[in-house]
Structure formats: structure tokens, C-alpha cells
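The values are calculated or read from the model by the stated rules, or taken from the named source; none is laboratory data. None of the values given here were measured: they were computed from a predicted structure. Please note: Cβ atoms are built from the backbone with ideal geometry, for glycine as well, and neighbour counts cover all protein chains shown.
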Amino acid sequence: MWRPHHRPIRSYPIRIRAKRFCTHHPNNEVMSTSDQPPSDLDSVRERLNVVTQETRFALLQDILGHPSELPTLKELDYVNPSKSQTTIRQHLQQLVDAGVVEEVLLPEDRRQNDLPYKFYGISESGRQFLEDHKLLRAQDTLREIYDRVEKTDDIKRYETAPRPER
């Protein structure tokens, strides 16, 4: 009785590049609907990856929910008890690097002992980016949630500390 030689089948990834065709375009190829060159699309994709990462997205929501939209690191640390302050600081820095969040400093002449002077807020370009990508919704709800958080006296003091004008 004849038996075929059994060898394990190796599978290799096959990459197929398919062209889509369109009957109403002169050369029949589908044109991109985006006005942005690929490098801009890559930039948008990278920025979306930054803002939609779970911890960073939560931080954005916390910033938007804050009464002044300018929380301190200590306030963000308080409302994110499962994250260390170092982790929060690193994620904030990534949001700053992406241009979505900005550090806002209280002018030196307005600073007080034992009160914060560094705050985090959504930048103008960050707000526009979030709006453009439908990520800036439910701000009133976020504020209500933030208001319902039980706060220590220290956090209340930070929350009512003088803020820079933007």
C-alpha cells in the first residue's frame, strides 16, 4: 500500500497587494479621499495611538472633568489610585510630547507656599484634534463624575488653589 510522505507543512505569510478599481475615475484606480499626505496620516495615527491608550485617555478625561480643566499632578494621582505618580507623570509627558496636553505654570508673583504652581490642561491643538476625532464628548458628564469623587481636605485645597489664566 502506497502512503504519501508526510512532512509538516510550513506556512509562509503571503502578502498580496490588491488594487481597487473604480469605473468613474480616468485611470480606474481608487483615489485616496484624504487631503493629507501619508506623512500627515502617520502623524495622526501616532497621535491617536497616544491619546487612546487606556491610561492616557483616562488622564484626558480627568483633565476635562476638572472644574478648571487644569488639574495638578497630585489631583490626577488622587483620582487614579491604581496608578503610581511616576506612571501618571510619564503618561502626561507623552501627552505633552504629542501636543495634546500642555503644562501651564502659575506666574511666580502669584505662587504661594504649599500650593501648586504647575498644572496640566488640554492644548488648543489637542482640543481641536480630540474634536476632529470625536473624542471630546460628554464633558458635562465627566465634570459631574469628578464632582462626585470624595476628596480629602488636601485635595480640596489643591482644587481651589489659584490657577493661571489661559
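Conditions (1) at pLDDT 95 or above; (2) under 15 Å from VAL51 (Cα atoms); (3) under 13 Å from the mean Cα position of the chain (by Cα), marked per residue:
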| site | (1), (2), (3) |
| --- | --- |
| PRO81 | yes, no, no |
| ILE88 | yes, yes, yes |
| GLN94 | yes, yes, yes |
| ASP97 | yes, yes, yes |
| PRO107 | yes, no, no |
| GLY126 | yes, yes, yes |
| ARG137 | no, yes, no |
| ILE155 | yes, no, no |
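For region 65-104, which positions are among the aliphatic types (A, V, I, L, M), surrounded by fewer than 19 Cβ atoms within 10 Å (Cβ to Cβ) and more than 30 Å from ASP40 (Cα to Cα)? The answer is LEU73, and nothing else.
Residues in region 40-75 that are charged (D, E, K, R) and either in contact with a Leu (Cβ under 7 Å, 6 or more places away or on another chain) or more than 13 Å from ASP147 (Cα to Cα) (or both): ASP40, ASP42, ARG45, GLU46, ARG47, GLU54, ARG56, ASP62, LYS74. As a summary of the residue check, VAL50 satisfies the conditions (1) surrounded by 15 or more Cβ atoms within 10 Å (Cβ to Cβ); (2) touching a Lys or Arg at 6+ places or on another chain (Cβ under 9 Å); (3) outside any helix (DSSP H, G or I) except for the one numbered (3). For region 85-98, state whether one or more residues are part of a helix (DSSP H, G or I), within 21 Å of THR160 (Cβ to Cβ), out of contact with any Pro (no Cβ under 7 Å at 6 or more places or on another chain) and of a type in the set (Ser, Thr, Tyr). For region 85-98, residues part of a helix (DSSP H, G or I), within 21 Å of THR160 (Cβ to Cβ), out of contact with any Pro (no Cβ under 7 Å at 6 or more places or on another chain) and of a type in the set (Ser, Thr, Tyr): absent.
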